[in-house]
Each structure stands twice: as C-alpha cells, then as structure tokens.
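The values are calculated or read from the model by the stated rules, or taken from the named source; none is laboratory data. Everything numeric in this text was worked out from a predicted model, so none of it was measured. Here Cβ is always computed from backbone atoms with ideal geometry, including for glycine, and neighbour counts include all displayed protein chains.
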Amino acid sequence: MIAFSCATVSEDGAAEPALAAQVRPSSANGRKTGSSPGIAALAQRQVLPDGRPCVDFARSLAPRSPGAPANSVEEIAAGADISRSAFYFYFESKYAALAAALDGVFGEITEATADFGQDRDEPLDALFLRMFTDIAALWRKHEHLLVGMVDAAATDPVARKVWHAYMDRHVDRLEATLVAARTAGTIPTGPPDARALAEALLWMNERVYYLDRVRQASRGEARRAVEALAAIWLAAVAPIGPADEERRR
C-alpha cells in the first residue's frame, strides 16, 4: 500500500493530480522540471540543506498543538532555514506536503495490519489486540501530524479533503481484505456490506486514537481503549453463530 499515489487538492480546494505528479525534481539549472516517480523515491535522494529527507520537513507543517492553526509555509521554511521558494521546489503546496507526510504514515499502518486476512493460526481476538496496540503506538509516534490533521480538518476544507482522502485509502484496503476473507471463508459473509463495515470500523478507530492523544491517556486507559476496539471488531467482523463458535477458538 505504501506505493499507492494518494490524490490531493490545491489550496483553493480544486482536485489535483496524484501526489507523485506534484513533486518535481530539479533540472540542471535548478528549475522545476517534469514529474518525479513518486514521493518515496524522492525522499530517498532529495534532502534539505540540513540533511533531512523532504518528507520529514513535510511532517512539521502540522499544527504545533491541538487546536492551533496549521503553520504557514513561511513559518516552516524559516524554521528549516530555507527560503519560501525552496519549499516550493519540493512541494506544489502546503497540502501536497501534508499528503506526502500522511503517505508515510499510511505505509507504517499498512505494515502493522498486514496479517489481517491472511491464513494464520493466531486467533482473531489476539490479532486485533496486537494490531491496535501497534497502531496506537504509531499515533503516539506521529501525534504531531495526525492530531494536527484531525483538528485542521474540522475547520479547513482543504485539509479535510486531504484527511478524508487518507482515510479513504484505509477504507479501500480494509474493504478489499474483508471481501477476500469472506470469499475464502476465513470470516463469515455479510451483512453488513463490506464497504459500510470498513467505513464504520475505521472512523471509529480514528476517533478513539485521536481522543487517546488529545486526552494524553495513561497506559491503563490506552490499553482499555485498545481492548474495546478489538472486542468491537471481533463482534463486527466475525459474529458468533452456532457454526462459528468452534472455528473461532
């Protein structure tokens, strides 16, 4: 999933091409040229003057604290000791940079959840508990970016489109996993509809992880929240019926 190109939007809210087409490499004279092969490749070979990958720079565009407005390009450029024009060498807009940063988080969460839907001996309840514990750790790791994006999405229509595009990628992936697992018979078939179930579960998770970070939950509180998520997912994805009790054990 990390190789996907995520759609993004311009600062006026208009739809733009995939992110890979918005990040431009330099030409011999230092001017912007054609599109790059993608943000992952760019991050490996393009760095800021202080040696940081450009995607690390993008992560600093999120608000510094919950409820704060997103930092301006000028503020971030000054903090990185580069010019405003240098920022636009790497990114078409502030929102393209945010989408690039989220692309990396998407890859990490995809890796953390890769075992769901696979033919494994691990019981679903244990798998969900492990998965959601790992994702909670990623929300702590990327708290600055993720909490900032949720807050910005509440008031900024362009940030909302970026965040919803990010969430839709997770929904697409979970829907495909549910359909494949139902077809293979590893989980019961619906209802509910796979797409509707994926949306409900993932937006529930988003809210739980967000509140965990905003409230700065204790380890015990965080653990209980993860256990609740695992129980809800187990009941929703693999409801117990007369024929399911033995298979779930």
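For the reader, a short list of remarks on this structure follows.
- Matching residues in segment 108-160 - criterion: being touching a helix residue (DSSP H, G or I) at 6+ places or on another chain (Cβ under 6 Å), closer than 25 Å to SER72 by Cβ and acidic (Asp, Glu): GLU143
- Checking ARG248, ARG215, ARG223 one by one, the residue that is of a type in the set (D, E, K, R), under 20 Å from THR113 (Cα atoms) and either in the same structural domain as PHE128 (by TED's automatic domain parsing) or at pLDDT 85 or above (or both) is ARG223 and no other.
- Qualifying residue in segment 156-163 (condition: at pLDDT 90 or above and within 23 Å of THR133 (Cα to Cα)): yes
- Any hit, segment 114-132, residues being farther than 26 Å from ARG182 by Cβ, out of contact with any His (no Cβ under 6 Å at 6 or more places or on another chain) and assigned to a helix (DSSP H, G or I): no
- Hits in segment 170-216 - residues which are surrounded by fewer than 15 Cβ atoms within 10 Å (Cβ to Cβ), among the acidic types (Asp, Glu) and more than 19 Å from ALA235 (Cβ to Cβ): ASP172
- Top-ranked residue of segment 115-150 - restricted to ones that are aliphatic (A, V, I, L, M) and under 19 Å from PRO188 (Cβ atoms), ranked as surrounded by the fewest Cβ atoms within 10 Å (Cβ to Cβ): ALA126
- Contact map, segment 208-221: residues that are in a loop (DSSP other than H, G, I, E, B) paired with residues that are not β-branched (Val, Ile, Thr), Cβ distance under 8 Å, separation 6+ or inter-chain. Pairs shown: ARG215/GLU221; ALA217/LEU211; ALA217/ALA225.
- Boolean, ALA235 is at pLDDT below 95 and loosely packed, with under 14 Cβ neighbours inside 10 Å: yes
- Of all residues in segment 153-186, those being touching a residue at least 40 places away in the same chain (Cβ under 8 Å) and not in a helix (DSSP H, G or I) number 2.
- Whichever residue in segment 84-112 is touching an Asp or Glu at 6+ places or on another chain (Cβ under 8 Å) and either surrounded by fewer than 23 Cβ atoms within 10 Å (Cβ to Cβ) or of a type in the set (Phe, Trp, Tyr) (or both) and, among such residues, is modelled with the highest pLDDT: ALA112
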